[in-house]
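Visitor: Supplied in structure tokens, the structure appears directly below.
The values are calculated or read from the model by the stated rules, or taken from the named source; none is laboratory data. Here the structure is a predicted model, which is why all the values come from computation and not from measurement. Don't worry about glycine lacking a Cβ; one is built from the backbone with ideal geometry, like all the others, and counts go over all protein chains shown. To get the accessible areas, we keep the full protein, side chains included, count just its heavy atoms, and leave off ligands, DNA and RNA. Shrake-Rupley method; radii C 1.70, N 1.55, O 1.52, S 1.80 Å.
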Amino acid sequence: VQLQASGGGTVQAGGSLRLSCAASGFAFTSYAMGWLRQAPGKEREFVARINWNGGSTLYADSVKGRFTIFRDNVKNTVSLQMNSLKSDDTAVYYCARETHNWGYTDVRSYNDWGQGTQVTVSS
């Protein structure tokens with residue numbers, strides 16, 4: 001299983017970034033996918049989830065209305081469009097596949113973390 005996240009960078013507050021994650025080594029359409037993040041000195045936290053066909057999405061309250069998760073089941077990618085970025089969004093962002101049923105927003109539900117991509121929002 002490989003999950004390769006990309007698209008991070010440094011952006012000013014109020015700006016936008018689009019993260020992408022290329023998946024391989026498993027049946028992509030059999031899994032819901034998630035984006036999670038970890039800020040310095042903090043626990044990893046749930047950001048967004050998308051079900052297998054993209055028909056259902058879920059967001060953390062902190063990003064609702066600003067972030068959009070979507071997937072391409074032909075290209076085996078899952079992406080996160082981030083708008084109106086805030087300094088609190090600064091973190092390493094990871095994509096992961098949902099392999100357990102601890103709850104959609106529970107970090108423990110997600111495994112096979114790829115290497116993350118750093119997002120830094122400057123105020």
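Visitor: Can you tell me which residue within the stretch 59-68, out of those that are farther than 16 Å from Glu98 by Cα and not aliphatic (A, V, I, L, M), is surrounded by the most Cβ atoms within 10 Å (Cβ to Cβ)?
Guide: Within the stretch 59-68, the match that is surrounded by the most Cβ atoms within 10 Å (Cβ to Cβ) is Phe67.
Visitor: Let me ask another. Tally up the residues in the stretch 41-58 that are open to solvent by 40 Å² or more (accessible area, probe 1.4 Å) and in contact with a Ser or Thr (Cβ under 9 Å, 6 or more places away or on another chain), please. Spell out the reasoning first.
Guide: Quick first cut of the stretch 41-58, residues open to solvent by 40 Å² or more (accessible area, probe 1.4 Å) only: 41-45, 52-53, 55-58.
Going one step further and asking which of them are in contact with a Ser or Thr (Cβ under 9 Å, 6 or more places away or on another chain), we end up with 45, 52-53, 57-58.
Residues meeting the conditions: 5.
Visitor: A further question on this structure: Return the pair list, or none, for Cβ contacts closer than 9 Å from residues in the stretch 44-64 that are free of Cβ contacts under 8 Å to residues at least 12 places away in the same chain to residues that are among the β-branched types (Val, Ile, Thr), at least 6 apart or on different chains.
Guide: Ser56/Ile50
Visitor: Tally up the residues in the stretch 11-28 that are among the aliphatic types (A, V, I, L, M) and either in contact with an Asp or Glu (Cβ under 8 Å, 6 or more places away or on another chain) or free of Cβ contacts under 8 Å to residues at least 40 places away in the same chain (or both), please. Don't jump to the end; show me each part of the working.
Guide: Residues of the stretch 11-28 among the aliphatic types (A, V, I, L, M): 11, 13, 17, 19, 22-23, 27.
Pick out the ones that are also either in contact with an Asp or Glu (Cβ under 8 Å, 6 or more places away or on another chain) or free of Cβ contacts under 8 Å to residues at least 40 places away in the same chain (or both) and you get 27.
Number satisfying all stated conditions: 1.
Visitor: Looking at the stretch 69-89, is at least one residue under 15 Å from Val121 (Cβ atoms), among the charged types (D, E, K, R) and buried (at least 22 other Cβ atoms within 10 Å of the Cβ)?
Guide: Scanning the stretch 69-89, I find at least one residue that is under 15 Å from Val121 (Cβ atoms), among the charged types (D, E, K, R) and buried (at least 22 other Cβ atoms within 10 Å of the Cβ), so the answer is yes.
Visitor: Among the residues of the stretch 1-16, which ones are open to solvent by 30 Å² or more (accessible area, probe 1.4 Å) and part of a strand (DSSP E or B)? Before you say what the answer is, go through the steps one by one.
Guide: Restricting attention to the stretch 1-16, the residues satisfying the condition of being open to solvent by 30 Å² or more (accessible area, probe 1.4 Å) are 1-2, 4, 6-8, 10, 12-14, 16.
Gln2, Gln4, Ser6, Thr10, Gln12, listed by residue number.
Visitor: Quickly run through the stretch 57-108 and pick out the residues that are of a type in the set (S, T, N, Q) and within 15 Å of Ser30 (Cβ to Cβ). Even if it seems obvious, please write down each step before you answer.
Guide: Our first condition is that a residue be of a type in the set (S, T, N, Q); within the stretch 57-108, this holds for 57, 62, 68, 73, 76-77, 79, 81, 83-84, 87, 90, 99, 101, 105.
Answer for the stretch 57-108, where residues must be of a type in the set (S, T, N, Q) and within 15 Å of Ser30 (Cβ to Cβ): Asn73, Asn76, Thr99, Asn101.
Visitor: Of everything in the stretch 100-112 that's assigned to a loop (DSSP other than H, G, I, E, B) and open to solvent by 50 Å² or more (accessible area, probe 1.4 Å), which residue is nearest to Ser20 (Cα to Cα)? Working first, answer last.
Guide: Taking the stretch 100-112 first, the residues assigned to a loop (DSSP other than H, G, I, E, B) are 100-106, 112.
Filter once more, keeping what is open to solvent by 50 Å² or more (accessible area, probe 1.4 Å): 100-102, 104-105, 112.
Working: His100: 23, Asn101: 24, Trp102: 25, Tyr104: 20, Thr105: 20, Asp112: 16 Å.
Filtering first and then ranking leaves Asp112.
Visitor: Please state which one of Val92, Val78, Val47, Val107 is of a type in the set (Val, Ile, Thr) and over 17 Å from Ala32 (Cβ atoms). Walk me through how you get there before you give the answer.
Guide: Numbers: Val78 fails: over 17 Å from Ala32 (Cβ atoms); Val47 fails: over 17 Å from Ala32 (Cβ atoms); Val107 fails: over 17 Å from Ala32 (Cβ atoms).
From the options Val92, Val78, Val47, Val107, the qualifying one is Val92.
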